[in-house]
Amino acid sequence: MMILSGDAPRSRALSALLVVIVLALALAPFLFPGAKPLNVAANICIYALLVASYDLLLGYTGIVSFAHVMFFGVGAYGVAIALYGLGPGWGALALGVAAALGISVALALAIGLFSLRVQTIFFAMVTLAVAYAFNVLASQLSGLTGGEDGRSFQVPFVLQPGFRLFDGALFGVRITGRVLSYYLVLAVCAALFLVLLRIVNSPFGRVLQAIRENPFRAEALGYRIVFHRTLATCLSAAGATAAGALSALWLHYTGPDTALSFSIQVDVLVIVVIGGMGSMYGAVAGAALFILAQNYLQALMGELSSAAAQAGLPILPGLFHPDRWLLWLGLMFILAVYFVPTGVVGKLRGTEERTQ
Amino acid sequence: MSDTDTGAALPRRRIDIAPALTPLLVAALAAPFIGSPSTFLTLTVAGLAMGMMIFTMASGLTLVFGLMDVLNFGHGAFISLGAYVATLVLLPLAAWSQADSLGLNLGVLLLALLAAGVVCAAAGFVFERVLIVPVYGQHLKQILVTIGGAIVAEQLLYALFGPQQIPLPLPTAFRGSIILGDAAIEKYRIVATFIGLLVFAAQILILDRTKIGLLIRAGVENREMVEALGYRIDRLFVGVFMAGSGLAGLGGVLWAFYREQVHASMGGELLVLTFIVIIVGGLGSVGGCFTGAVLVALIANYAGFLAPKLALVSNILLMVVVLLWRPRGLYPVSGR
């Protein structure tokens, strides 16, 4: 229990689901060989970390940020610019990650101090505006960021697909740099997830939840709510930055679409709500379900769309077109907010915990 | 501008003039850097026109927030919807729009505005009843639900109208520019400024001189008291929400004619701008929204000329400066 910070899943069904997910992720290169399944598994890890860091803000502290994808982008661009400019090396990678973390935390501190003083609703609006401006800035500063084309770069040799850890295969799978990359992503995500779990179960985390439930009472008890909210913002930004750095490392590429697009922000919001706000495990369960659905349900939608088109139905082909995947996601999201505010985790735990 | 805040309160509140003068200050500061008077005039008129269009969109948002305490992240979807309605109106009336007659051209523009206003108000009715009614008083859920609504609405627009950009040509009479000395001023910008001013005047008159306006202002100040006096506040809510959505539609049409094209993503981009405007102006204040819109648009135009790469960041900087001066915006509304 130490490793889970005393915050067990508290439900057999949820534990079983989490064990399946974790085992599948840990053994993914051996269970599901091939490039696509490995990509899906890496995405699940990265999103689980990204969403867990977002949940620290939304679920535990009760503030809505639209700049989470911006911090994700800072991490991705930090790695991209460092590796592109300095060449593939561990030193460059470390420098990029450190610089990105510094920039993210400074930005989060500025936004937090600035807009959390007045009203939390300011925070939602200010982060939206700042994230939008950052997005435009990133595509305009093409000398640094590569503009709309983004930056492709080389990763350290050990992580390149051509690298072999040893000749021959382990359980029929060659241990290439790609597999090592995957395990690096998995290990960092798992470690940071446990850190986040530790944070929300610390006295600091309890204060955050108290602020979420009743800011006035928390303040009356002597907690400086601006300090706590701002610190939560900075921690959450750091988590997102790490996820962004891993994502860049995995893709060998960073561009506006993969690192800063608003649709990533929407995805994160949807995953938090579907997984369950205010529970770190929701991030893992939600990310796994969402990424699987995104990768395999869209194909189904394409078939539905063409079937409807052949049957000569109006409008329907448009509605089921794979590009309209967000439409159904949005509907699911609204229904989840109304009817299942505790998400998958709440349902599996069978308790109607209050999430406000 | 104090009329939006207190109105007929006794003793009459002193008019807070300083924030209203900020656009003049900005213009005066920018003038020496721009140099040429004709360029300055062109930029200023462009800024005013842009400001009026943004004001039309943002005023609906700020009213809804002021009265209902609902921040509608789906507001952008109504902006896009209005623009698409305009394309639908112009399709059968292309002959009117191409005709070389000011009357017919103006008729087409007004019809497009009217249709967009009505359709968006109707859509706003559905949006309020279905999505927002269950989450009154819960900020977090409101933000989530309206974001969800915005996503669904934008995707529906894509599904119905297709993902491509739809051209929306200006009616003949509004094309081209008037040459004033050395400065070229686009005709449509004058039209847009005029319409925006009309909207502002109508809002001030309604809020200040009618019983409905009195109730809305009272509701902004103290919702429970209005209810206790026997008025159906929920009807007021839905009415104001419809008006706000209709205004978003009007703004969307004006903007679409200005850009001469329509795309479903325009709503999201403009939503960012309207947020900045209502934060700068003070959440819930129509007068503040007006000042904020002019300020944002002027600065965007001056910055776009002087330092193009800074144009978007300039809005954020403006917001920072204003909030450092007045943490609740230029015209803070009491009780918020």
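Read-outs: derived from the displayed coordinates by stated rules, not from any lab. Everything quoted here is computed from the prediction, not taken from an experiment. Every residue, glycine as well, gets a Cβ built from its backbone with ideal geometry; the counts of neighbours run over all protein chains shown.
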The stretch A:207-254 versus the stretch B:102-172: alpha-carbon centroid distance in Å: 34 Å
What does the convex hull of the Cα atoms of the stretch B:70-160 come to per residue, in Å³, rounded to a whole number? 86 Å³
Please find, in a Gaussian network model of chain A (springs between Cα atoms separated by less than 10 Å), the residue of A:ALA98, A:ALA243, A:ALA76 whose mean-square fluctuation is greatest. A:ALA98
Computed over the protein assembly as shown, the Cα gyration tensor eigenvalues, each multiplied by 5 and square-rooted, give semi-axes in Å (largest first) of 44, 29, 26
Treating only Lys and Arg (+1) and Asp and Glu (-1) as charged, each at its beta carbon, one finds that the protein assembly as shown has a dipole about its Cα centre, in Debye to the nearest 20, of 1060 debye
C-alpha center-to-center spacing [the stretch A:267-311, the stretch B:213-289] in angstrom: 33 Å
The ratio Rg/Rh over the Cα atoms of chain B, Rh being the Kirkwood inverse mean 1/r radius, stands at 0.97
Note down the relative contact order for the stretch B:73-171 as a percent, whole number, built from C-alpha pairs under 8 angstrom at least six residues apart. 42 percent
Quote the relative contact order of chain A in percent (integer), defining contacts as alpha-carbon pairs under 8 Å separated by 6+ residues. 30 percent
Please compute the net charge surrounding A:PRO33, taking Lys and Arg as +1 and Asp and Glu as -1 over other residues with Cβ under 14 Å from its Cβ. +3
By Cβ neighbour count within 10 Å, fewest first, B:LEU104, B:LEU160, B:LEU250 rank B:LEU160, B:LEU104, B:LEU250
Under the definition of Cα pairs under 8 Å and six or more residues apart, what whole-number percent is the relative contact order of chain B? 35 percent
Name the residues whose placed amide hydrogens come within less than 5 Å of the amide hydrogen of B:VAL262, ignoring near sequence neighbours (fewer than 5 apart) on the same chain. B:ILE166, B:LEU168
Can you list residues from other chains, or at least 5 along the same chain, whose modelled amide H is less than 5 Å from the amide H of A:ARG151? A:THR254, A:GLY255
Exposure proxy ranking, count of Cβ atoms within 10 Å, fewest first, for B:VAL126, B:VAL296, B:VAL26: B:VAL126, B:VAL26, B:VAL296
For A:131-137, mean number of other protein chain Cβ atoms within 10 Å: 5
Could you work out how far apart the two model spin labels at A:ARG224 and B:VAL320 are, taking each label as a point 7 Å from the Cα in the direction of the beta carbon, and quote it in nm? 2.2 nm
Could I get the Rg over Rh figure for the stretch B:220-307? Both from C-alpha atoms, Rh via Kirkwood, rounded to two places. 1.09
Mean projected area in nm² (Cα convex hull; one quarter of hull surface) for the stretch A:2-349: 19.9 nm²
So how compact is the stretch A:109-181: Cα radius of gyration and Dmax in angstrom? 21.5, 62
What is the sum of charges, Lys and Arg at +1 and Asp and Glu at -1, for the other residues whose Cβ falls under 14 Å from the Cβ of B:SER80? -1
Under 5 Å between amide hydrogens, which residues at least 5 positions from B:GLU186 or on another chain qualify, with H placed 1.01 Å from N in the peptide plane? B:ILE178
Helix-derived [θ] at 222 nm for the protein assembly as shown: sum -39500 (n - 2.57) over DSSP H runs of at least 4, divide by residue count, nearest 500? -23500 deg cm²/dmol
How would you rank A:SER11, A:SER236, going from fewest to most other Cβ atoms within 10 Å of each one's own Cβ? A:SER11, A:SER236
